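Okay, structure first, notes after.
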Amino acid sequence: SFNELGENMNQAAYDSLDGIDAVLLMVDSTKEFSDLDEEIVERFKKIREPKFLVLNKIDLVKNEVKLQELIKHYENINFVKTLKISAANNLGVDELLASIVDSLDEGPQYYPSDQLMDQPERFMVKEIIREKVLLLTSQEIPYSVAVEIESFKNDEKNPNLININATIVVERQSQKKIVIGEKGSKIKEIGRLSRIDIAKFLGNKVYLELFVKVEADWRNRKHYLKQFGYQNK
């Protein structure tokens with residue numbers, strides 16, 4: 001949700017709008033419309049590409065009238081479609097994906113047909129670890145988590161083993177305690193699930209060592225946004 005991002009994080013998101021084929025504005029259906037939302041509305045009015053309004057956490061909404069009032073704030077953006085989803089419960093996600101695909105024109109083939117993605121392996125490993133953190137901490141940890149890959153190399157004695165050291169970065173000491181868990185139980189489970197998916201992705205056995213550190217207010221610091229891969233300049 002844009003509402004949870006710092007000013008620099010917002011700018012990084014705005015910068016990414018250049019050269020897009022479609023854009024989604026995801027709104028937390030349980031929250032009130034804010035001044036920050038007003039700024040986003042004004043920016044979205046200028047986008048010519050297909051736009052979708054995605055109302056997330058719809059399973060938590062009990063008041064349909066307030067939901068319609070929230071939607072009304074965005075009526076001047078000229079969305080192609082408004083979709084109601086619950087990402088946590090996988091409700092409406094298939095319809096969302098199908099709507100996006102239907103709105104896109106078939107483009108040129110930039111990569112060989114047997115190449116699955118254009119992102120480097122380190123990026124995908126970071127995303128896998130970050131996904132597990134968000135999955136296992138649920139509402140306890142907001143989207144203030146980043147992952148750094150400290151080392152990524154083949155084992156000297158076993159060529160089929162990849163050694164990865166990664167650091168999970170949070171903004172507050174209280175968040176660090178949550179990620180680590182009682183007697184390290186949470187970080188162990190994050191590591192276990194991450195290793196399974198990373199091994200499948202890389203096609204190798206993986207030794208993964210995880211650390212957790214605090215970088216206060218990193219989302220509002222350009223240095224950290226660039227370091228963690230959210231900004232290119």
Some residue of the range 58-69 being over 15 Å from Asp28 (Cβ atoms) and in a strand (DSSP E or B): no
Unmet requirement for Phe79, which otherwise passes all of (1) modelled with pLDDT of 85 or more; (2) part of a loop (DSSP other than H, G, I, E, B); (3) open to solvent by 90 Å² or more (accessible area, probe 1.4 Å): (3)
Some residue of the range 30-39 being modelled with pLDDT of 80 or more, touching a strand residue (DSSP E or B) at 6+ places or on another chain (Cβ under 7 Å) and surrounded by 14 or more Cβ atoms within 10 Å (Cβ to Cβ): no
The range 149-168 - residue that is modelled with pLDDT of 90 or more and of a type in the set (A, V, I, L, M) and, of those, nearest to the chain's Cα centre (by Cα): Ile168
Some residue of the range 83-94 being surrounded by fewer than 19 Cβ atoms within 10 Å (Cβ to Cβ), under 30 Å from Lys177 (Cβ atoms), modelled with pLDDT under 90 and touching a helix residue (DSSP H, G or I) at 6+ places or on another chain (Cβ under 7 Å): yes
Residue within the range 182-205 that is touching a helix residue (DSSP H, G or I) at 6+ places or on another chain (Cβ under 8 Å), acidic (Asp, Glu) and exposed (fewer than 15 other Cβ atoms within 10 Å of the Cβ) present: yes
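The values are calculated or read from the model by the stated rules, or taken from the named source; none is laboratory data. Values in this document were obtained by computation on a predicted structure and should not be read as measured data. Using ideal geometry, Cβ is built from the backbone for each residue, glycine included, and neighbour counts are taken over all protein chains shown. Accessible surface is based on the protein model in full, side chains and every heavy atom, while ligands, DNA and RNA are left aside. Shrake-Rupley method; radii C 1.70, N 1.55, O 1.52, S 1.80 Å.
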